[in-house]
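Written below as structure tokens is the structure these notes are about.
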Amino acid sequence: MTTPELTSSITVLSGVGEKRAAAFSRLGIVTLADLLSHYPRAYENRENCKKIIELSHEETVSVRGVVSSSVKTNIIRKNLRVSTVKVSDGTGFLEMVWFNNRFIENRLKKGETYVFYGKVQLTPKKQMHTPIFERPEEQKQLGRIMPIYPLTEGITASILTDCVARALDACRGQIKESLPAALRNAFKLCEINFALENIHFPANEEAYRIARRRLAFEELFLFQTALFSLKKRQNSSHAPRLSADMQPFLNSLPFTPTGAQRRVMDEIGRDVSNSNMMNRLICGDVGSGKTVVAAAAVYMAVKSGFQVAFMAPTEILAAQHYNTLQKLFAPHNITVELLSGSLPARQKRETLARIQDGTTHLVVGTHALLSDDVAFNKLGLAVTDEQHRFGVEQRRLLTDKGENPHVLVMSATPIPRTLALIIYGDLDVSVIDELPPGRQKIDTFAVGESYRKRIYDFLKKEISQGRQAYIVCPLVEESDVTELQSVTAYIKKLEQSGFPAASIGILHGKLKGAEKDAVMSAFKEGRLSLLVATTVIEVGVDVPNATIMLIENAERFGLSQLHQLRGRVGRGSHKSYCILLSQSSQNAAMARLSVMKKESDGFKIAEEDLKQRGPGEFFGTRQHGLPAFRIASLYTDMALLEQTTKAARDFLNQRFPCSDVEKKLITEKIDALFNNHVTIN
């Protein structure tokens with residue numbers, strides 16, 4: 001029989017046929033390597049047994065005892081059989097209970113000793129429900145720390161655990177060490193075979209910690225090595241030199257830029273004035289003036305003889321940028337055009353022709369900019385807004401439309417600087433940490449359902465004075481499995497509460513581009529008083545007359561997202577309010593929302609969001625282009641992130657001895673992590 005290899009199909013394992021292999025594939029497991037990197041999501045410590053007299057209510061625990069009665073089975077009703085048996089350990093009795101287990105009577109013998117593991121109930125009777133059990137001398141699932149894996153239909157915990165154990169046995173000695181010995185020694189990392197054995201079947205808690213640290217370190221090290229290598233390659237790329245002075249643009253602005261805006265403009269100016277390719281992220285709070293900063297870069301590019309592509313994630317946001325930039329560049333003879341998927345065919349052809357012949361200086365658009373039929377005459381700068389909505393691959397597709405154009409990306413999500421420097425390892429980071437003067441504080445309230453009538457009365461009062469309001473709901477349509485407020489059902493509730501149907505607009509992601517534009521135009525022009533929407537209005541909506549943001553089921557949103565939504569109001573001269581309406585009765589939910597009442601600084605809110613929910617709130621791995629880490633965490637492993645940042649830089653600067661074979665293994669691992677090709681120089 002051929003010895004299984006890491007690349008072998010899992011069907012080489014006994015008991016895994018085509019049907020079971022298909023079930024495994026739903027978990028992303030096709031090969032033995034996939035199986036070994038399917039890490040447990042949790043563990044149960046089944047090592048130590050407790051005495052029956054020491055048991056606590058609802059704890060999950062192991063008990064060793066003698067079966068002191070025969071199994072008794074009662075048929076409670078059709079399809080419900082309850083089997084019970086009493087167990088004693090000398091300190092007391094515990095009743096074991098199973099439901100619809102027809103084989104239990106043949107598996108337990110009176111007078112024999114077993115180890116039981118399950119959840120204890122002390123009231124109304126002292127019981128353990130549906131325990132697993134084994135003889136002390138035959139323990140496989142008990143007497144040890146057991147892994148708990150993500151499962152799917154057709155793959156039970158015992159099947160997966162057994163397959164992992166057999167895969168480890170089959171591949172023992174074949175797993176190559178991908179981290180150079182010098183690097184492992186420097187950071188005190190265990191070798192890969194020990195790590196895999198003890199991440200799946202830890203000998204003890206210390207062995208688990210050592211194994212997890214090694215595997216998480218490797219993931220983060222590979223991730224950062226790839227980003228730093230990409231950045232190094234980009235920085236060495238020859239890019240257009242933008243020599244135009246941005247001062248004429250600044251002189252034409254109807255306001256004075258803040259100190260933070262000027263600082264970032266200067267950073268951009270230094271980047272683009274040499275021949276190295278700029279890759280810079282502008283990170284700023286809602287209303288901090290990122291668009292004007294980007295516009296200064298656009299001005300320099302156009303006046304230096306180049307075109308600019310400006311990409312936004314939605315048609316609403318693209319249209320808003322188009323209108324804003326048209327006004328900013330009107331005094332400077334800069335031609336701005338809008339390109340979106342909803343353009344009529346003839347108009348689109350004419351726009352594409354002007355882009356190709358260079359007549360158009362600045363093109364603002366959505367993903368439509370990435371289409372093959374979009375060809376630039378001389379692209380010198382690519383700008384993307386709301387960076388977390390675009391992946392690395394999408395940025396590359398845009399920049400491929402020119403010869404190493406400079407890259408400027410913007411994010412309205414305030415990211416703590418230390419995390420931004422790590423996550424955006426292929427970008428230089430600029431932070432706009434100052435808001436323009438005169439921005440009003442938005443009064444924020446976190447309340448429960450009992451306040452609904454008062455809220456509606458307040459809405460009616462504001463509307464009667466000519467103001468407008470947003471109402472955000474998490475869903476588009478009603479669902480049988482959730483109590484979340486629905487946009488479509490919510491409209492009826494508003495009408496029943498006395499709001500005129502003609503004054504209510506509806507906006508959600510399922511509407512077509514033209515329909516969204518029509519609704520937004522009506523709201524901006526004041527023909528609608530209320531806009532009921534999903535989080536599609538999180539970015540890109542600027543209506544100075546809107547003074548109220550009511551967020552239903554606010555407990556279901558992250559703090560950073562709530563802050564983004566709140567930023568849609570407070571843009572005019574009128575006093576503005578944000579009302580967080582929660583359906584949760586839990587004190588913890590209201591305590592979390594209270595952060596929004598006390599804090600208006602988006603960077604501080606982001607820090608709190610990181611503490612509470614981790615970075616997933618503003619980094620969706622698929623949208624952002626980050627790899628889906630199997631074991632590392634961008635939040636809980638912050639200390640490890642700092643170590644791997646140093647390790648990656650030292651490795652790329654050849655401070656660790658590394659053979660060609662070791663370098664090749666690292667490159668292969670990075671390819672697997674990012675599912676693309678990154679060359680390590």
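The values are calculated or read from the model by the stated rules, or taken from the named source; none is laboratory data. Just so it is clear, the model here is predicted, and its values are computed rather than measured. Heads up, the Cβs are rebuilt from the backbone with ideal geometry, glycines too, and the neighbour counts pull from every protein chain shown. Remember, those area values only see protein heavy atoms, side chains included, never the ligands or the DNA or RNA. Shrake-Rupley method; radii C 1.70, N 1.55, O 1.52, S 1.80 Å.
Couple of notes before you dig in:
- Members of region 295-349 that are without any contact (Cβ under 8 Å) to a residue 12 or more places away in the chain and either of a type in the set (K, R) or closer than 17 Å to A382 by Cβ (or both): K327, R346, K348, R349
- Residue within region 615-635 that is assigned to a helix (DSSP H, G or I) and at pLDDT 80 or above present: no
- Verdict on R592 being at pLDDT 80 or above, farther than 19 Å from D433 by Cα and assigned to a helix (DSSP H, G or I): yes
- Residue count for region 191-218 satisfying the condition of being open to solvent by less than 20 Å² (accessible area, probe 1.4 Å) and either closer than 20 Å to L168 by Cβ or in a loop (DSSP other than H, G, I, E, B) (or both): 13.
- Those residues of region 453-506 which are open to solvent by less than 70 Å² (accessible area, probe 1.4 Å), of a type in the set (S, T, N, Q) and either within 25 Å of H574 (Cα to Cα) or modelled with pLDDT under 85 (or both), in sequence order: Q468, S479, T482, Q485, S486, T488, S503
- Number of the exception - E525 against (1) of a type outside the set (F, W, Y); (2) modelled with pLDDT of 85 or more; (3) crowded, with 17+ Cβ neighbours inside 10 Å; (4) under 27 Å from G365 (Cβ atoms): (3)
- Test: residue in region 131-147 that is exposed (fewer than 15 other Cβ atoms within 10 Å of the Cβ), touching a helix residue (DSSP H, G or I) at 6+ places or on another chain (Cβ under 9 Å) and within 24 Å of E205 (Cα to Cα): yes
- Answer from T258, T225, T314 - the residue that is at pLDDT 85 or above and either farther than 30 Å from K664 by Cβ or open to solvent by 20 Å² or more (accessible area, probe 1.4 Å) (or both): T258
- Residue ID - most open to solvent (accessible area, probe 1.4 Å), chosen from residues in region 589-610 that are under 15 Å from D285 (Cα atoms) and of a type in the set (G, A, S): S600
- For V293, the conditions (1) aliphatic (A, V, I, L, M); (2) surrounded by 24 or more Cβ atoms within 10 Å (Cβ to Cβ); (3) part of a helix (DSSP H, G or I); (4) touching a Leu at 6+ places or on another chain (Cβ under 6 Å) are fulfilled apart from (4).
- Scanning region 110-125 for residues that are among the small types (G, A, S), farther than 30 Å from A216 by Cβ, free of Cβ contacts under 8 Å to residues at least 60 places away in the same chain and surrounded by 12 or more Cβ atoms within 10 Å (Cβ to Cβ) turns up at least one hit.
- Counting residues in region 570-589 that are modelled with pLDDT of 90 or more, touching a Leu at 6+ places or on another chain (Cβ under 9 Å) and outside any strand (DSSP E or B) gives zero.
- Residue count, region 429-463 (criterion: of a type in the set (A, V, I, L, M) and over 14 Å from I548 (Cβ atoms)): 5
- Given (1) free of Cβ contacts under 8 Å to residues at least 60 places away in the same chain; (2) open to solvent by 30 Å² or more (accessible area, probe 1.4 Å); (3) under 16 Å from E95 (Cβ atoms); (4) not polar (S, T, N, Q), number of the condition E54 does not satisfy: (3)
- Counted residues, region 1-21 - those being of a type in the set (A, V, I, L, M, F, W, C) and either open to solvent by 50 Å² or more (accessible area, probe 1.4 Å) or in contact with a His (Cβ under 7 Å, 6 or more places away or on another chain) (or both): 2
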